[in-house]
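Structure first, then comments.
Values quoted throughout were computed directly from the atomic coordinates according to the rules given, and no laboratory measurement underlies them. Only a predicted model underlies this, so the values are computations on that prediction, with no experimental measurement involved. Glycine also receives a Cβ, built like all others from the backbone with ideal geometry; neighbour counts cover every protein chain displayed.
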Amino acid sequence: MAFKDDLQIRWWALEEKLMGRFEKKPDVETILFLIGIQELGDIKQKFSKEQKQDLMHIAVCTVLMPSGYYEVEGADEDGWPHFKQLKAMPEMNAFEQEAFLKDHILLYFQNHELI
């Protein structure tokens, strides 16, 4: 229970910080989108629906890299990174998956000194 409570407190702190920056409470998908843009390093006014999905994929792979789930394989001619999955994700229910992802997102922000 303590881990769950600690995770929730840290998540609320991240949401509060991002609300101060964007004036809107972000959900997990929005935060992943922002991480994807950060990792791509190319801020555009508009991304296609497919590009938005790709940005979220970049973010998921990036935040899971420190735990050894992915590594960068390289980049395509447009500079978009591609990843190689190194190990399978553990079996988790939806709640556990969300907590797992949130914990890795928080680690990403901490490692990049953004929180």
Give me the pairs, please: first residue somewhere in region 8-31 and more than 12 Å from residue 106 (Cβ to Cβ), second residue anywhere and assigned to a helix (DSSP H, G or I), beta-carbon distance under 6 Å, and either six or more positions apart or on two chains. 25/15; 25/19; 26/18
Provide a single number: the residues in region 35-64 that are surrounded by fewer than 11 Cβ atoms within 10 Å (Cβ to Cβ) and not hydrophobic (A, V, I, L, M, F, W, C). 7
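Would you confirm whether any residue within region 65-77 is loosely packed, with under 15 Cβ neighbours inside 10 Å, aliphatic (A, V, I, L, M) and more than 22 Å from residue 8 (Cβ to Cβ)?
Initial filter on region 65-77 (loosely packed, with under 15 Cβ neighbours inside 10 Å): 66-68, 71-77.
Subset that is aliphatic (A, V, I, L, M): 72, 75.
So of that shortlist, the ones also more than 22 Å from residue 8 (Cβ to Cβ) come out as 72, 75.
Checked region 65-77: at least one residue is loosely packed, with under 15 Cβ neighbours inside 10 Å, aliphatic (A, V, I, L, M) and more than 22 Å from residue 8 (Cβ to Cβ).
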Go through region 73-111 residue by residue and tally those that are under 18 Å from the mean Cα position of the chain (by Cα) and either closer than 15 Å to residue 55 by Cβ or touching a residue at least 60 places away in the same chain (Cβ under 8 Å) (or both). 13
Checked region 18-36 for anything basic (Lys, Arg) and over 23 Å from residue 57 (Cα atoms); matches are 21
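Residue 14 - would you say it is assigned to a helix (DSSP H, G or I), touching a Pro at 6+ places or on another chain (Cβ under 9 Å) and of a type outside the set (S, T, N, Q)? Walk me through it before giving the result.
Values: assigned to a helix (DSSP H, G or I): yes; touching a Pro at 6+ places or on another chain (Cβ under 9 Å): yes; of a type outside the set (S, T, N, Q): yes.
When the stated conditions are applied, residue 14 passes them.
Among the residues of region 27-55, count how many are in a helix (DSSP H, G or I) and either within 13 Å of residue 80 (Cβ to Cβ) or small (Gly, Ala, Ser) (or both).
Initial filter on region 27-55 (in a helix (DSSP H, G or I)): 28-40, 49-55.
When the remaining residues are screened for being either within 13 Å of residue 80 (Cβ to Cβ) or small (Gly, Ala, Ser) (or both), the result is 36-37, 39-40, 50-55.
The number of residues fulfilling the criteria is 10.
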